[in-house]
Amino acid sequence: MSLIFKPKQDEKLSISPTVHDSSYIIDSYAGEWVSIGERNKVIESRFGDYTYTMDDVTVNYAEIGNFCSIASHACINPVQHPMDRVTQHHITYRKVDYGFGEQDDLEFFDWRRTHRVKIGHDVWIGHGAIIMKGVEIGTGAVVGSGAVVTKDVEPYTIAAGVPAKPLKRRFSEEIAHKMIEIAWWDWPRKKLEAHFAELNDAEAFIKKFGS
C-alpha cells in the first residue's frame, strides 16, 4: 500500500491503512488493514498487513510482520544516546537546535538506524513492553506487559520479565513448526474469508492444512 496515511475516523477499518490524527509518522510504510492508534510516534518503520497499535506506542527503525497486536505504551527500539562521548546529551548530535553548528551529526543518526528490531507475524506485545535495539521477536510469540526484551524471542514462545525470559511455549514445537509451514498470515483475503471460522481451533486447523 501507499506510504501515505489518512486520519483515523470513528468508522470500520478499511483496506487502506489508517492512523489517528494525533500520531506522528516519519518515512514509514503500512500494509492493508493496518491501524495506528492515538499519540503514536513512528520513525522509519514498516507495518505488515492487519497489524495494529493502541495508544501512546513508540516505534523506531523496526520491521513488523502481519497480524501483530501492539498494546498501549509499548516502545519498540528506544533510541540510544552516545554513552562514549563526554556528554550523552542532544547537544553533540542535534547541534542545529542548540546553535552549536549548521548541520547535525548525520553519522550518529545513521548509527541509530543500524540493528533494526524485527518482529515476526502474529506477535502480541503487551502493555508497556520495551523491545531493545537489534532484538528479533519470532512469529507467534508473546511479550508480556512491562517486559524489557534484550535478547531474541523464539517463535511461539511467551516471554516476560525484566530482563525478559522465556516462560513457556504457546504451542508444542510440532504445532508451531506446522503453523510456520502453513504461513496462514500470508493468505490472500479471499482465502482468509473462506476459512475464517477455522481460525479458532489450532489442532483442527493443523490437521486440515498441515502437511
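When the Gaussian network model of the chain links Cα atoms closer than 10 Å, the mean-square fluctuations of R85, R189, R169 top out at R85.
Compare K41, K168, K190 in a GNM of the chain, Cα atoms joined below 10 Å, and give the one with the largest fluctuation. Of K41, K168, K190, the most mobile in the Gaussian network model is K190. Could you give log10 I(q)/I(0) at q = 0.09, 0.11, 0.12, 0.15 Å⁻¹ for the chain, computed by the Debye formula over C-alpha point scatterers of equal weight, without solvent? Treating every Cα as an identical point scatterer, log10 I(q)/I(0) equals -0.40, -0.59, -0.69, -1.00. Remark: the chain carries a charge dipole of roughly 340 debye about the Cα centre, counting +1 on each Lys and Arg Cβ and -1 on each Asp and Glu Cβ. Ranking A183, G37, P78 by Cα position along the charge dipole of the chain, where only Lys, Arg, Asp and Glu carry charges on their C-beta atoms, puts A183 farthest toward the positive end. Largest GNM mean-square fluctuation across G48, G101, G138, computed for the chain with C-alpha springs under 10 Å, falls on G101.
Among beta bridges identified by DSSP and lying wholly in the chain, the antiparallel ones come to about 10 percent. Label the range 31-148 by shape, choosing from rounded, prolate and oblate, from the square roots a ≥ b ≥ c of the eigenvalues of the Cα gyration tensor; if a/c is under 1.5 it is rounded, and otherwise prolate applies when a/b is larger than b/c, oblate when it is not. Prolate is the answer for the range 31-148, as a/c is 1.5 or above and a/b outweighs b/c. Legend: calculated FRET efficiency, A183 to S69, from the Cβ-Cβ distance at R0 = 22 Å, rounded to 0.05, equals 0.75. Nonpolar atom fraction for the chain, defined as the carbon and sulfur part of the 1.4 Å probe accessible area, stands at 53 percent. Working from Cα pairs under 8 Å separated by at least six residues, relative contact order for the chain is 11 percent. Around the amide H of A141, modelled in the peptide plane, lie the amide H atoms of W124, Y156, T157, all under 5 Å away and 5 or more residues distant in sequence or on another chain. The P(r) of the range 97-211 has a tail past 24 Å containing 44 percent of all C-alpha pairs. Calculated accessible area for the chain comes out at 57 Å² per residue, all protein chains present (probe 1.4 Å; ligands, DNA, RNA ignored).
Peptides 144-154, 123-133 ranked from most to least packed, by the mean per-residue count of other Cβ atoms within 10 Å: 123-133, 144-154.
Take the cross-link list K151/K178; K95/K133; K168/K190; K151/K191; K12/K151; K12/K118 and give me the ones stretching past 32 Å between alpha-carbons. Check vs 32 Å cut-off fails for K168/K190; K151/K191; K12/K151. Inter-label distance, I91 to E107: 2.1 nm, where each label sits 7 Å from its Cα along the C-beta direction.
Rolling a 1.4 Å probe across all protein chains gives F209 an accessible area of roughly 50 Å².
Evaluating 6.51 cos²θ - 1.76 cosθ + 1.60 at θ = phi - 60° for every residue in the range 59-66, the Karplus couplings come out as 9, 10, 6, 9, 10, 10, x, 7 Hz, glycine and proline recorded as x.
The values are calculated or read from the model by the stated rules, or taken from the named source; none is laboratory data. What you see is a predicted model; the values in this text were computed from it and never measured. Note that we place each Cβ from the backbone using ideal geometry, even for glycine, and neighbour counts take in every protein chain shown. Calculation scope for accessible area: heavy atoms of the full protein, side chains included, ligands and nucleic acids excluded. Shrake-Rupley method; radii C 1.70, N 1.55, O 1.52, S 1.80 Å.
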